[in-house]
Amino acid sequence: MATTLDPGVAHAAPDDRDWRIGDVATTARYRVDLRDAPPDVFEDHGRTDWGALSWAQVGRPYLVEKWAAEKRRLERERDRPLPVLEGWQHFNRSFHELFVTAPDEATARLKGEFAQAAKSFDLAGMKEVLVELAQLRIWNGVHRVQDAVWDPRGKRALFEGLDVERPRILFLGAADGYEAMQLAAMYPGGHVVLVDYDDFCRTDRFGKFPERYPFLGVDPATGHKRVWYREQMDIDFEVADIRDLRYGREFDVVVSIGLVEHFPDAHKPEAFEFHRRFLKPGGYAIVTCPRDQPRGRAFYWAMADIMNYGYRELMTIDQLGLYAWENGFRIERAGVIKAHNGLVCRVR
Ligand SMILES: C[S@@+](CC[C@H](N)C(=O)[O-])C[C@H]1O[C@@H](n2cnc3c(N)ncnc32)[C@H](O)[C@@H]1O
């Protein structure tokens with residue numbers, strides 16, 4: 001029987017149970033959503049005539065320019081820009097901290113710290129705790145209530161209908177590897193290679209990804225739906241710079257989630273070329289990036305100290321599609337999910 005708990009309930013569901021198709025629950029750190037039914041969670045933009053779009057029509061992406069205080073501090077101290085990889089190392093550590101924090105527990109602790117600071121008239125301490133509380137509240141809303149970061153229903157809707165069997169899947173800039181695991185559950189029996197040049201992603205972001213987080217997919221033996229867990233999948237993690245990869249055209253699917261928007265226009269062709277280079281003929285490139293929407297801009301503003309260590313754009317689906325089209329892809333599926341735009345493409 002499906003379990004439905006109100007989002008944000010004080011007593012969260014245990015996250016180590018056996019989940020079933022249809023379950024919806026809020027655990028201490030994340031939301032589980034194994035519903036396999038409408039309402040639809042994918043706004044389809046597949047009818048767009050990409051070849052007819054122009055930059056004059058769609059406008060340029062929005063640049064996020066509020067930087068993390070730590071980035072600004074390091075750059076002042078060294079009098080030079082933070083190297084890109086070092087920026088990612090900061091990003092991955094501080095972002096990971098959010099995933100391993102239980103918001104209800106942390107809120108109770110911070111409220112205690114606020115009371116202590118208030119008692120001793122520590123105004124700076126009070127301000128620091130208030131900022132942390134606000135960020136935690138935003139994170140709880142975005143990740144644990146709205147499920148807008150992992151967004152399993154939106155991702156499943158975007159990934160559906162691929163013509164692949166036992167695929168080899170390459171995830172560029174994999175971080176926690178989430179979307180490759182969702183693909184592996186939907187298209188089982190293949191092999192996944194996660195690539196990220198920050199070793200912390202191998203050891204922690206993917207290495208400590210919740211073992212009992214359930215992915216809705218299919219059972220290859222029966223063709224029926226089934227729930228998959230991380231340890232049931234064949235996954236390798238390669239710590240490498242994407243630019244140094246030596247694979248041939250051997251993958252059925254090459255995926256990136258939130259990667260291309262970190263490349264300024266002069267480097268966009270290189271970013272799209274990464275997706276083409278390792279694809280078998282007829283293979284799929286899946287590309288997503290955060291949407292340019294008011295709540296997206298507000299998120300990166302309020303969470304700047306955690307998220308903003310390097311170049312970042314927010315885009316509309318038309319802008320992302322136009323980049324893909326200009327860089328030689330045919331767009332098979334395009335749409336908008338909670339926080340991201342998504343494309344499923346083939347080489348033109
Ligand atoms: C914004 S994150 C992707 C978002 C991801 N879904 C998450 O949960 O954080 C981008 C990832 O790509 C990695 N990355 C960026 N440039 C890379 C490169 N040239 N080679 C390998 N990994 C790269 C970063 O280390 C980072 O973990």
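The values are calculated or read from the model by the stated rules, or taken from the named source; none is laboratory data. Every value quoted in this text rests on a predicted model; they were computed, and no experiment measured them. Heads up, the Cβs are rebuilt from the backbone with ideal geometry, glycines too, and the neighbour counts pull from every protein chain shown.
Here VAL260 meets each of (1) more than 12 Å from the ligand (Cβ to nearest atom); (2) in contact with a His (Cβ under 9 Å, 6 or more places away or on another chain) with one exception, condition (1).
Search region 307-328 for residues being charged (D, E, K, R) and over 25 Å from LEU85 (Cα atoms), and hand back the single one that is surrounded by the most Cβ atoms within 10 Å (Cβ to Cβ).
Within region 307-328, the subset charged (D, E, K, R) is 312-313, 318, 326.
Those still in the list that are over 25 Å from LEU85 (Cα atoms) too: 318, 326.
Details: ASP318: 18, GLU326: 15.
Once the filter is applied, the top-ranked residue is ASP318.
If you go through region 130-154 and pick out every residue that is part of a helix (DSSP H, G or I), more than 15 Å from MET307 (Cα to Cα) and within 16 Å of the ligand (Cβ to nearest atom), you end up with 3.
Take ARG212 and tell me if it is touching a strand residue (DSSP E or B) at 6+ places or on another chain (Cβ under 7 Å) and surrounded by 15 or more Cβ atoms within 10 Å (Cβ to Cβ).
Values: touching a strand residue (DSSP E or B) at 6+ places or on another chain (Cβ under 7 Å): no; surrounded by 15 or more Cβ atoms within 10 Å (Cβ to Cβ): yes.
Answer is no for this residue.
Whether any residue in region 99-113 is of a type outside the set (A, V, I, L, M, F, W, C), at pLDDT 95 or above and within 16 Å of the ligand (Cβ to nearest atom) is what I want to check. Within region 99-113, one or more residues are of a type outside the set (A, V, I, L, M, F, W, C), at pLDDT 95 or above and within 16 Å of the ligand (Cβ to nearest atom). Considered as a group, the residues in region 22-37 that are free of Cβ contacts under 8 Å to residues at least 40 places away in the same chain and among the small types (Gly, Ala, Ser) include one that is nearest to GLU160 (Cα to Cα), and that residue is ALA37.
A count restricted to region 157-170 and to residues that are surrounded by 21 or more Cβ atoms within 10 Å (Cβ to Cβ) and more than 16 Å from the ligand (Cβ to nearest atom) stands at 1.
Can you confirm whether TRP88 is modelled with pLDDT of 95 or more, surrounded by 13 or more Cβ atoms within 10 Å (Cβ to Cβ) and in a loop (DSSP other than H, G, I, E, B)?
Numbers: modelled with pLDDT of 95 or more: yes; surrounded by 13 or more Cβ atoms within 10 Å (Cβ to Cβ): yes; in a loop (DSSP other than H, G, I, E, B): no.
Taking the combined requirement at face value, the residue does not satisfy it.
On the given criteria, is ALA298 surrounded by fewer than 21 Cβ atoms within 10 Å (Cβ to Cβ), at pLDDT 95 or above, small (Gly, Ala, Ser) and closer than 24 Å to LEU85 by Cα? No; evaluated as a whole, the condition is false for this residue.
Inspect all residues belonging to region 184-207 and state whether any of them is within 16 Å of the ligand (Cβ to nearest atom), of a type in the set (S, T, N, Q) and either touching a residue at least 24 places away in the same chain (Cβ under 8 Å) or surrounded by fewer than 18 Cβ atoms within 10 Å (Cβ to Cβ) (or both). Spell out how you get there, then give the answer.
Restricting attention to region 184-207, the residues satisfying the condition of being within 16 Å of the ligand (Cβ to nearest atom) are 184, 192-207.
Next cut, of a type in the set (S, T, N, Q) only: 203.
From the residues that got through so far, the ones that are either touching a residue at least 24 places away in the same chain (Cβ under 8 Å) or surrounded by fewer than 18 Cβ atoms within 10 Å (Cβ to Cβ) (or both) too are 203.
Yes, the conditions are met somewhere in region 184-207.
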